[in-house]
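Peer 1: The structure is given below, and queries will be raised subsequently.
The values are calculated or read from the model by the stated rules, or taken from the named source; none is laboratory data. Keep in mind the model is a prediction, meaning the values are calculated, not measured. Positions of Cβ are backbone-derived with ideal geometry, glycine not excepted, and every protein chain shown enters the neighbour counts.
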Amino acid sequence: MTSPSFRKRQRAFILQLAVLGAVLFLLHSYLLSSLAPDSIFVIPIWQVYLFHVITVLLVYGIINYRYTMGKTQVFNAFIVLMVLKMVLVVVFLLPLFLSDVGHKIGDAVNFFIPYFIFLAFEVFSITSFLQSDEPC
């Protein structure tokens, strides 16, 4: 059973993540259509954003749950989740690595710029609720 504080934090985070994801996706799509209209990418941009939103939501949800259950020392869990996320990144980018496409830099940029933006948002959100005075 989850506490009201868990659900409150989770709902607020999901709303913020949805807004961030939608704004970044629309901006990214607009920039690609304006600056590189003829570019063809191995990994579609919507899959990149779906991957980021799902992984960030899972990491935040697990940390939030552990914190709610009284485990305030969540650093080890966060590190393990980041390593797992890095493994998932490699698996997600495998089609790009294995493709015969000559220019892979565009796909890499399309993936890693949002990756670091979502990572910064994730770290900021987790540290914000860990530093708050709100009870578990």
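Peer 1: Quick one: in the range 51-99, of everything that is under 17 Å from Val123 (Cα atoms) and touching a Ser or Thr at 6+ places or on another chain (Cβ under 7 Å), which residue is surrounded by the fewest Cβ atoms within 10 Å (Cβ to Cβ)?
Peer 2: The extreme case among them is Lys85.
Peer 1: Additional query: So which of Ile45, Ile40, Ile105 ends up being in contact with a Ser or Thr (Cβ under 8 Å, 6 or more places away or on another chain) and farther than 27 Å from Arg9 by Cα?
Peer 2: Ile45
Peer 1: Going through Tyr65, Tyr60 one at a time, which residue ends up being closer than 19 Å to Ile14 by Cβ and either modelled with pLDDT of 95 or more or touching a Gly at 6+ places or on another chain (Cβ under 7 Å) (or both)?
Peer 2: Tyr60
Peer 1: Taking the range 20-45 as the region of interest, how many residues are without any contact (Cβ under 8 Å) to a residue 24 or more places away in the chain and over 13 Å from the mean Cα position of the chain (by Cα)?
Peer 2: Of all residues in the range 20-45, those without any contact (Cβ under 8 Å) to a residue 24 or more places away in the chain come to 22-23, 26-27, 29-31, 33-35, 37-38, 40, 44.
Subset that is over 13 Å from the mean Cα position of the chain (by Cα): 23, 26-27, 29-31, 33-35, 37-38, 40, 44.
So the count comes out to 13.
Peer 1: A follow-up question, please. Which numbered condition in (1) loosely packed, with under 13 Cβ neighbours inside 10 Å; (2) in a helix (DSSP H, G or I) is the only one that Ala108 fails?
Peer 2: Of everything listed in (1) loosely packed, with under 13 Cβ neighbours inside 10 Å; (2) in a helix (DSSP H, G or I), Ala108 misses just condition (1).
Peer 1: Oh, and also: Would you check if Val123 is closer than 26 Å to Phe6 by Cβ, among the β-branched types (Val, Ile, Thr) and either surrounded by 17 or more Cβ atoms within 10 Å (Cβ to Cβ) or free of Cβ contacts under 8 Å to residues at least 24 places away in the same chain (or both)?
Peer 2: yes
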